[in-house]
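A short worksheet on the structure shown next.
Only the coordinates and a few stated rules stand behind these numbers; no lab work does. Keep in mind that what you see is a predicted model, and the values were worked out from it rather than measured. Glycine gets a Cβ as well: all are built from the backbone with ideal geometry, and neighbour counts include every protein chain shown.
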Amino acid sequence: GSGGERELCAPICCILGHVDAGKTKLLDCVRGTNVQKGEAGGITQQIGATYLPVENIRERAGLKPEVAIKVPGLLVIDTPGHESFSKMRSRGLSLCDIAVVVVDITRGLEKQTIESLHLLKRHDVRFIVALTKVDRLYGWKSCPNAPIVKALKSQSDDVQSEYKWRLTEVVTQFKENGFNTAPYYENKKMKQVFNIVPTSAIRGEGVPDLLLLLVRWVPEIMIEKLVYDNSVECTILEVNGDKDLGTTIDVVLINGALHQGDQAIVCTKQGPVTTIIRDLLTPHPMKELKAKGVYKHHKELRAVHGVKIVAPGLQHAMAGTSLIVVKPGDDLRQAEAAAMQQMNITISAADENEEGTAAEVSRVKTCKEGLYVQASSIGTLEAIIDHLQSSNVDIPVSDWNLGPVHKQDVVKAAAMLNRKEEYAAILAFDVKVMPEASVLAAESGVRIFMADTVYNLVDSYAEHINGLNE
Ligand code: GDP
Ligand code: MG
């Protein structure tokens, strides 16, 4: 049949929704893990990627062996839900084939749900609504991991009628925002009308239904998009320091294959860096890419996967940009130029900049006098700067960097000591501070602020300033 013989990639699925809607918990329920409990303030700080192999999905969804699934698995990306993470959400989205929009049945559509819907529309990404927390309906009788129709049938009349009016309410809210939706078990026009799947992340009701839609219906509607393609397409999610491995990058391999020994180019603020891939690691199936643990080593990996790449010289790679693989016979200079070219989408050369050569993250406005901000990815950097500049105080930023705080960063921040002392500070988020950098900061009088959330980070700096002014 059409496409039957071709190799298909796992669909990439993005989870969106208002903060506290239950995104992480739902993903935890699917994986059988507990990331949500371990998160600082319960807020997802980074984009995480989880690969769900088809065997696990079959087991989780209670599928009979005769039910065919054409895709090898599902790659799920959990994006941060808090307001100033909207840019990171947008980045996660650009990789996605399908989205799951999580809506709390007791709260309906909320501000960031609506924002997510607009983002999806803009990126032309189809979505499935997980109408979650159905166990919160008063008197809900739990039916662990049951298909939702079965679970609903075993509820009392009262629960069923509360379910119905809440569902109708949500359908109306979607309608008001320009989207036609219907519960998937009644949806006769799945191509035009978006599916709603009622779920509970506590007992897993409806989770089999959601998984089935993702691995059976999604490939049906976008088979062409999922056909394996040789050209490497690989987006950097995060740059990390690891005690044993050195600097590594977490990527989503969207297309093509990566091999140990491949020559690859990453973009940095200072220009292209060419390296050789030493190792390709994946976490254990169903575990998140950023979760600490034992990794599997691979000589070769074919799309789609969340992969941790070990290679020298990656410490300044920029999250959000693409890793470029140089094929034998490719002209290295040309490939490097092409790599930097693709970075111009994210990074625009700031001609007005004093040095004239330095690049600047588009929309990150820097001035001569201001703080130094250091973060683990462009997404978190943007979130911090957004927060600094949207708060009533409007705190300026003079410079920024990604990755661990090194001595050079302290030297740069120290330049403010003679200009405006209160700005001689580094706001470091989700990055390590190297010991020499700490020593130099203490000696020179540069303050380094760190916190577990972007909000606490900005708050702790603001408190410090208020203390100075009193
Ligand atoms: P996120 O911000 O969208 O990732 O939301 P979380 O997954 O962190 O969940 C927010 C809160 O809702 C947590 O306290 C969860 O325990 C709770 N929660 C999430 N899903 C469910 C559910 O299906 N049922 C119930 N009763 N509580 C839920
Ligand atoms: Mg979360």
| request: Sum -39500 (n - 2.57) across every DSSP H segment of at least 4 residues in the chain, then divide by the residue count to get the 222 nm mean residue ellipticity, nearest 500. | output: -8500 deg cm²/dmol
| query | Distance in nm between label sites at Glu422 and Lys407, each 7 Å beyond Cα in the beta-carbon direction? | reply | 3.2 nm
| query | Once amide H atoms are placed 1.01 Å from N in the peptide plane, what residues at a sequence separation of 5 or more from Ile254, or on another chain, have their amide H within under 5 Å of its amide H? | reply | Glu233, Cys234, Thr235
| DSSP-defined antiparallel bridges as percent of all bridges, the chain, nearest 5 | 55 percent
| Could you give the length gained on full extension between Val294 and His464, defined as 0.36 nm per residue of separation minus the Cα-Cα distance, in nm? | 57.2 nm
| Got a sec to turn the phi values of the range 267-279 into Karplus ³J(HN,Hα) couplings, 6.51 cos²θ - 1.76 cosθ + 1.60 with θ = phi - 60°, whole Hz, x for Gly and Pro? | 8, 10, 4, 8, x, x, 10, 9, 9, 10, 5, 8, 8
| message | Set the bar at 30 Å for Cα to Cα. Now go through Lys64/Lys299; Lys64/Lys308; Lys25/Lys64 and name every pair that lies beyond it. | response | Lys64/Lys299; Lys64/Lys308
| task | Find how many whole Å separate the alpha carbon centroid of the range 391-470 from the alpha carbon centroid of the range 150-217. | result | 47 Å
| said: Which three extents, in angstrom, do the Cα atoms of the range 197-251 have along their principal axes, listed largest first? | reply: 43, 35, 13
| task | For the chain, find the longest principal axis of its Cα atoms and tell me its angle to the long axis of helix 378-390, 0 to 90°, nearest 10. | result | 80 degrees
| field | Kirkwood Rh in Å, taken over all unlike Cα pairs in the range 374-470 | value | 13.4 Å
| Taking amide hydrogens as modeled 1.01 Å from N in the peptide plane, which residues meet the under 5 Å criterion relative to Leu371, leaving out close sequence neighbours? | Val397, Ser398
| task | Would you kindly derive the ³J(HN,Hα) couplings of the range 321-338 from the backbone phi angles with the Karplus curve 6.51 cos²θ - 1.76 cosθ + 1.60 (θ = phi - 60°), listing them in order in whole Hz, with x for Gly and Pro? | result | 9, 9, 8, 9, 9, 8, 8, x, x, 5, 7, 4, 4, 5, 5, 5, 4, 5
| message | Return the unpartnered cysteines for the chain, using a Cβ-Cβ cut-off of under 4.7 Å. | response | Cys9, Cys13, Cys29, Cys143, Cys234, Cys267, Cys367
| How are the Cα pair distances of the chain distributed, in percent, across 10 Å bins from 0? | 4, 19, 28, 25, 16, 7, 2, 0
| task | Using the 2.2 N^0.38 Å rule of thumb for compact globular proteins, work out how the range 104-235 stacks up: its C-alpha Rg over that value, please. | result | 1.15
| request: For the range 205-221, take each phi angle, set θ = phi - 60°, evaluate the Karplus expression 6.51 cos²θ - 1.76 cosθ + 1.60, and give the result in whole Hz per residue in order, putting x for glycine and proline. | output: 4, x, 5, x, 4, 5, 4, 4, 4, 5, 9, 10, 6, 4, x, 5, 8
| task | Could you please rank Ile202, Ile12, Ile276, placing first whichever residue has the fewest other Cβ atoms within 10 Å of its Cβ? | result | Ile276, Ile202, Ile12
| said: Quick query: amide H of Leu16 versus all other amide H atoms, modeled in the peptide plane; which residues come in under 5 Å with a sequence gap of 5 or more or a different chain? | reply: Val100, Val101, Val102
